[in-house]
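Values quoted throughout were computed directly from the atomic coordinates according to the rules given, and no laboratory measurement underlies them. The structure displayed is predicted, hence computed values, not measured ones. So basically every Cβ, Gly included, is an ideal-geometry build from the backbone, and we count neighbours across all protein chains shown.
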Amino acid sequence: MAEILRPIGDIARALDSIANIEFKELTLAKGQYLYLVRICEHPGIIQERLAEMIKVDRTTASRAIRKLAANGLIERRADEVNKKIKRLFPTEEGKQRYPLIQRENRYSNQIALTGLTTAEADTLAALLLKVRNNVAGDWEYVKKGNRRHY
């Protein structure tokens, strides 16, 4: 069977490292750009859903959200119906950072796909979605306290 996880991990770590270095000037610490992007794309999202999207635990998400709020990039607002629910929204300052993060993402995507035909890139994207969905099922299973049987 082909070994795919190491190259995927290498790619993810390299791109994450590049983004963390380049986004330091935006007062975005390690990995915080992921949260800001999802909040900009889904204004009003709740923390639990955000953590599921990024595939992190609640504690990790909570820490990143606190830092983004402290830096004035996002704000928490009480839900109109259930005041206990806090919804996350980008501030104007957070919204201003979003286009730069998107530009970096498009550039990194372009670099990653260099040398591939459009058909190859489309096939790769479709296959990676299948892999992501396979892994997401296991992630949900383990997150709920279950153990996988190898």
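Calculate the translational D of segment 57-106 in whole µm² s⁻¹ from Stokes-Einstein, where the hydrodynamic radius comes from the Kirkwood formula applied to all Cα pairs, the temperature is 20 °C and the viscosity 1.002 mPa s. Show your work: numbers first, answer last.
Values: Rh = 12.1 Å.
In µm²/s, the coefficient is 177.
Between beta-carbons, use under 15 Å as the cut-off and find the net charge around Leu28, counting Lys and Arg +1, Asp and Glu -1.
Details: positive: Lys24, Lys30, Arg38, Arg63, Arg66, Lys67, Lys95, Arg97, Arg103; negative: Asp16, Glu22, Glu25, Glu93, Glu104.
Neighbour charge sum, excluding Leu28 itself: +4.
With axes computed from alpha carbons, what is the tilt in degrees of helix 118-143 against the longest principal axis of the chain, rounded to the nearest 10 within 0 to 90?
It is inclined by approximately 60 degrees.
Multiply the residue separation of Leu15 and Arg132 by 0.36 nm, subtract the distance between their alpha-carbon atoms, and state the gained length in nm to one decimal. The partial results should precede the final answer.
Details: separation 117, 0.36 × 117 = 42.12 nm, distance 1.74 nm.
Between Leu15 and Arg132, full extension yields an extra 40.4 nm.
Full-extension gain between Thr60 and Thr114, please, as 0.36 nm times their residue separation minus the C-alpha to C-alpha distance.
Numbers: separation 54, 0.36 × 54 = 19.44 nm, distance 3.35 nm.
Gain in length upon complete extension: 16.1 nm.
I need the GluC sites (Glu not before Pro) found in segment 69-150, filtered to DSSP loop residues with at most 14 other beta carbons within 10 Å of theirs. Write out the running numbers ahead of the final one.
On the way: sites: Glu75, Glu80, Glu92, Glu93, Glu104, Glu120, Glu140; in loops: Glu80.
Sites meeting the loop and neighbour criteria: Glu80.
Counting other Cβ atoms within 10 Å of each Cβ, which trypsin sites (Lys or Arg not before Pro) in segment 59-146 have at most 15 and sit in a DSSP loop?
Numbers: sites: Arg63, Arg66, Lys67, Arg76, Arg77, Lys83, Lys84, Lys86, Arg87, Lys95, Arg97, Arg103, Arg106, Lys130, Arg132, Lys143, Lys144; in loops: Lys83, Lys84, Lys144.
Sparse-neighbourhood loop trypsin sites (Lys or Arg not before Pro): Lys83, Lys84, Lys144.
Determine by what factor the alpha-carbon radius of gyration of the chain differs from 2.2 N^0.38 Å, reporting the quotient.
Numbers: Rg = 17.3 Å, N = 150, 2.2 N^0.38 = 14.8 Å.
Against the empirical 2.2 N^0.38 Å value, I get 1.17 for the chain.
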